[in-house]
């Protein structure tokens, strides 16, 4: 069974530029999550989708971050404009439903210069 | 939300059992205990979860005390590839949200 796919693995941008990350969850998983992990800390949930609807985006900085999950499968997370403090690993995870184990991708490491 | 407490770091010799403790004294009766680990430069990996009974799978065993206030993750024969940060998490029952703390850095030594 294929795992959660994320791309790109690494991205370097300058502040005020925009960037987008892509995630393809495990086939059949209805719930998709985006996490931000700053160096030395545990992952922090940014947004959670159930199919193509948003369940929780309370921790998403909506002035600069946006996410969508079209057709309830793939998802993209966008940052526009990026700030220095956005430098982090962005992790995508999926699960069969709202409860149960979450399965994570390898993440995208973003460096904002 | 049930808060968990884990030691910041532990060492284990290769081939020996690694026993990772976790305190969750405020856990509610219907909340599960989940364990994840994160190997350097990888995403977190689900290991095991349980409610009140002991659980075992191909990766590890989970022992939950009778009062459910603490648990222990056991890796029966640790290898160098088990070196990772181990997170004990009690997801919120109302929405199953995972809140990651700092976890325990387990270092398996040759």
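The values are calculated or read from the model by the stated rules, or taken from the named source; none is laboratory data. Here the structure is a predicted model, which is why all the values come from computation and not from measurement. Virtual Cβ from ideal backbone geometry, glycine too; neighbours counted across all protein chains shown.
Quick notes on this one:
- Tallying residues that are assigned to a strand (DSSP E or B) and facing chain B (nearest Cβ under 7 Å) within the range A:92-110 yields 2.
- Among the residues making up the range B:50-60, a single one is more than 14 Å from chain A (Cβ to nearest Cβ) and assigned to a strand (DSSP E or B): B:56.
- For the range A:24-35, the count of residues that are surrounded by fewer than 14 Cβ atoms within 10 Å (Cβ to Cβ) and over 30 Å from residue B:50 (Cβ atoms) is zero.
- Scope the range A:38-52; condition surrounded by fewer than 20 Cβ atoms within 10 Å (Cβ to Cβ) and either touching a residue at least 12 places away in the same chain (Cβ under 8 Å) or more than 14 Å from chain B (Cβ to nearest Cβ) (or both); matching residues: A:38, A:39, A:44, A:50, A:51, A:52
- Within the set B:47, B:63, the sole residue that is in contact with a strand residue (DSSP E or B) (Cβ under 7 Å, 6 or more places away or on another chain), more than 14 Å from every other protein chain (Cβ to nearest Cβ) and either modelled with pLDDT of 95 or more or not in a strand (DSSP E or B) (or both) turns out to be B:63.
- Of the residues in the range B:74-91, at least one is out of contact with any strand residue (DSSP E or B) (no Cβ under 6 Å at 6 or more places or on another chain), within 14 Å of chain A (Cβ to nearest Cβ) and under 24 Å from residue A:90 (Cβ atoms).
- Residue within the range A:77-91 that is within 30 Å of residue B:33 (Cβ to Cβ) and more than 14 Å from chain B (Cβ to nearest Cβ) present: yes
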